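Accompanying notes for the structure given below.
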């Protein structure tokens, strides 16, 4: 498994969590799912920046994409922080914030998987991408998040 496979699995996981949050009727369920989303998203973003983005910044083709991706991560983190502080997780305003967060994440994921992954495949050989997957998993674990279900199935 390469880091790109691991990232894709994480992307699918966090998109699913956002959908579950929006579908949940009970406030306690929304809070639990949002907490899980925040933990996973934060660990993913920080590990991705450390393991992949830093290397991509050293390549001519990858630099602009890596810098943009890091800024997008900061925007998502800011919105997550704002939503965390809001009361009324069952309110229309909070739900709208989650919808906006989902749109931001989906746009980021789409751009990353279509363009950024292609650049990474050209910049790094398969063996390097495999090693980066291991480093990515260690970095996420350091932040308290284990591998996604699809990563476990692949091992």
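The values are calculated or read from the model by the stated rules, or taken from the named source; none is laboratory data. A quick note: this is a predicted structure, and the numbers were derived from the prediction, not measured. Positions of Cβ are backbone-derived with ideal geometry, glycine not excepted, and every protein chain shown enters the neighbour counts.
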Breaking point among (1) without any contact (Cβ under 8 Å) to a residue 40 or more places away in the chain; (2) surrounded by 15 or more Cβ atoms within 10 Å (Cβ to Cβ); (3) farther than 21 Å from residue 8 by Cβ, for residue 31:
(1)
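For residue 68, state whether it is at pLDDT 95 or above, touching a helix residue (DSSP H, G or I) at 6+ places or on another chain (Cβ under 7 Å) and either surrounded by 12 or more Cβ atoms within 10 Å (Cβ to Cβ) or closer than 20 Å to residue 16 by Cβ (or both). Before the answer, list the steps.
On the way: at pLDDT 95 or above: yes; touching a helix residue (DSSP H, G or I) at 6+ places or on another chain (Cβ under 7 Å): no; either surrounded by 12 or more Cβ atoms within 10 Å (Cβ to Cβ) or closer than 20 Å to residue 16 by Cβ (or both): yes.
The answer is no for residue 68.
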Just to be sure, is residue 15 surrounded by fewer than 18 Cβ atoms within 10 Å (Cβ to Cβ), under 10 Å from the mean Cα position of the chain (by Cα), at pLDDT 95 or above and farther than 15 Å from residue 145 by Cα?
yes
Of everything in the stretch 18-60, what is over 20 Å from residue 84 (Cβ atoms) and under 15 Å from the mean Cα position of the chain (by Cα)? Give them in sequence order.
47, 48, 49, 50, 51, 52, 53
Go through the stretch 46-146 and tell me which helices (runs of 4 or more DSSP H), entirely inside it, have 3 or more residues that are free of Cβ contacts under 8 Å to residues at least 24 places away in the same chain and over 30 Å from residue 29 (Cα atoms).
63-85, 126-142
